[in-house]
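Q: This is the structure I have questions about; it appears just below.
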Amino acid sequence: MAPPDTSPEAGEAPRRTPLYECHRELGARMVGFAGWEMPVQYTGVIEEHRAVRGAAGLFDVSHMGEVRVRGAGAERFLQRLTPNDVAQLVPGRAHYSGLLTDRGTYVDDLLIYRLAADDFLVVVNASNAARDLAWIREHGPDPEGAERAGPADVEIADEGDRFALLALQGPRALAILEPLASPGVAGLRYYGFLRGEVAGVPAILSRTGYTGEDGFELYLEPEGAPEVWRRLLAAGAPHGLVPAGLGARDTLRLEAAMALYGHEIDERTTPLEAGLSWVVKLGKGDFLGRAALLEQSEQGIRRTLVGFTVEGRGIARQGHGVLSGGEAVGEVTSGTWSPTLEKAIGMAYVPPALAAPGTQLELDVRGRKLPAAVVELPFYRRRKKSA
């Protein structure tokens, strides 16, 4: 199923991030996305994509949602609500997880930051932000005092308006950020974060991202975000830093085989099917969807997510059919032309028997059959620096 329609009502203007005027100054092409007016590109998707792979790109992702969960019962609540093991997080660490239905399927995927022993920041997708907040509250304490699954000693607050979010991504990201940031940023491990400053503006500096590259996500007070944006672009120019839009963000995440809600994951899909079993900690105790996932893990999955490359010309997009031996066997979830590999790539759900790399498939693109081959994921893996 597609993400919920969160576009503005008729006559209602789309929301704008604190960086809207910065994007206009740079000549960005603005588009509507999840009720927001967002930059899809500045100079071009391919150019911005390649800049992130070779140097660095700066993204405005302030449309993402943030939910604060705190109180003496916060850990216990999130442990019950999500499949990853929240108890393993220490302050200064984050992890990838999800909100699941009782069928073990996705409401959304998300990040959880442990700010303190009893204080968490949950970051959700823009297209699902309102629904996710409602879901979390529905499973939390009832303000009327009625019986609910959630503990009473938990406070849940929508803090989306408290944060602007910048993503600085690419092999030169640290070199650009370090001179402007609080000490310690260079020592952050992947999914580590610290609370400090960037260009004098208070920030949460997180070594996370959605591009397959090293990089940082910077949670800032909205008023200070334009100054940080401009300072980063100025400091990064000698390193090859460019502003990058949502178009490049999507091609980058697809090369890195990162799931996108409404494409690879949705309310029909479990983490086990999506190749995300590593976020499911069945041994931690009960959580929403655990029984269904335990049953699926014992019985086996009926479909699995694979990567493919197109052999020849043409691009398969979401919803196009996948054929084997002339029979329909699955559906494409995402597809694009890869600027890094210089070929058409995509992901699709197929039966496990067709998941081995090298398996030949056909893609039904509006009646035209494109030959394709299953390949190992991710399509792109960044080179790690030698010790």
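The values are calculated or read from the model by the stated rules, or taken from the named source; none is laboratory data. All values reported here derive from a predicted model rather than from experimental measurement. Note: ideal-geometry Cβ built from the backbone for every residue, glycine included; neighbour counts use all protein chains shown.
Q: When the residues of segment 53-65 are narrowed to those that are closer than 30 Å to residue 132 by Cα and touching a Leu at 6+ places or on another chain (Cβ under 6 Å), which ends up surrounded by the fewest Cβ atoms within 10 Å (Cβ to Cβ)?
A: 61
Q: Another question, if that's okay. For residue 113, which of the numbered conditions (1) in the same structural domain as residue 244 (by TED's automatic domain parsing); (2) of a type in the set (Ser, Thr, Tyr); (3) touching a His at 6+ places or on another chain (Cβ under 9 Å) fails to hold?
A: Unmet for residue 113, out of (1) in the same structural domain as residue 244 (by TED's automatic domain parsing); (2) of a type in the set (Ser, Thr, Tyr); (3) touching a His at 6+ places or on another chain (Cβ under 9 Å): (1).
Q: Could you list all residues from segment 184-198 that are in a loop (DSSP other than H, G, I, E, B) and touching a strand residue (DSSP E or B) at 6+ places or on another chain (Cβ under 8 Å)?
A: 184, 188, 191
Q: Another question about this same structure. For residue 333, only one of the following conditions fails: (1) more than 28 Å from residue 81 (Cα to Cα); (2) part of a strand (DSSP E or B). What is its number?
A: Going through (1) more than 28 Å from residue 81 (Cα to Cα); (2) part of a strand (DSSP E or B) one by one, residue 333 breaks only (1).
Q: May I pose another question? Restricting segment 96-116 to residues that are in contact with an Asp or Glu (Cβ under 8 Å, 6 or more places away or on another chain) and within 20 Å of residue 189 (Cα to Cα), which is surrounded by the most Cβ atoms within 10 Å (Cβ to Cβ)?
A: 97
Q: Let me ask something else about it. Before we move on, is residue 247 assigned to a loop (DSSP other than H, G, I, E, B), at pLDDT 95 or above and in the same structural domain as residue 189 (by TED's automatic domain parsing)?
A: no
Q: Mind checking which residues of segment 101-129 are assigned to a strand (DSSP E or B), touching a helix residue (DSSP H, G or I) at 6+ places or on another chain (Cβ under 8 Å) and in contact (Cβ under 8 Å) with a residue 40 or more places away in the chain?
A: Matches in segment 101-129: 107, 108, 119, 120, 122, 124.
Q: Residues that are of a type in the set (Ser, Thr, Tyr), in the same structural domain as residue 237 (by TED's automatic domain parsing), more than 30 Å from residue 341 (Cβ to Cβ) and at pLDDT 95 or above: does segment 31-42 have at least one?
A: Among the residues of segment 31-42, not one is of a type in the set (Ser, Thr, Tyr), in the same structural domain as residue 237 (by TED's automatic domain parsing), more than 30 Å from residue 341 (Cβ to Cβ) and at pLDDT 95 or above, which makes the answer no.
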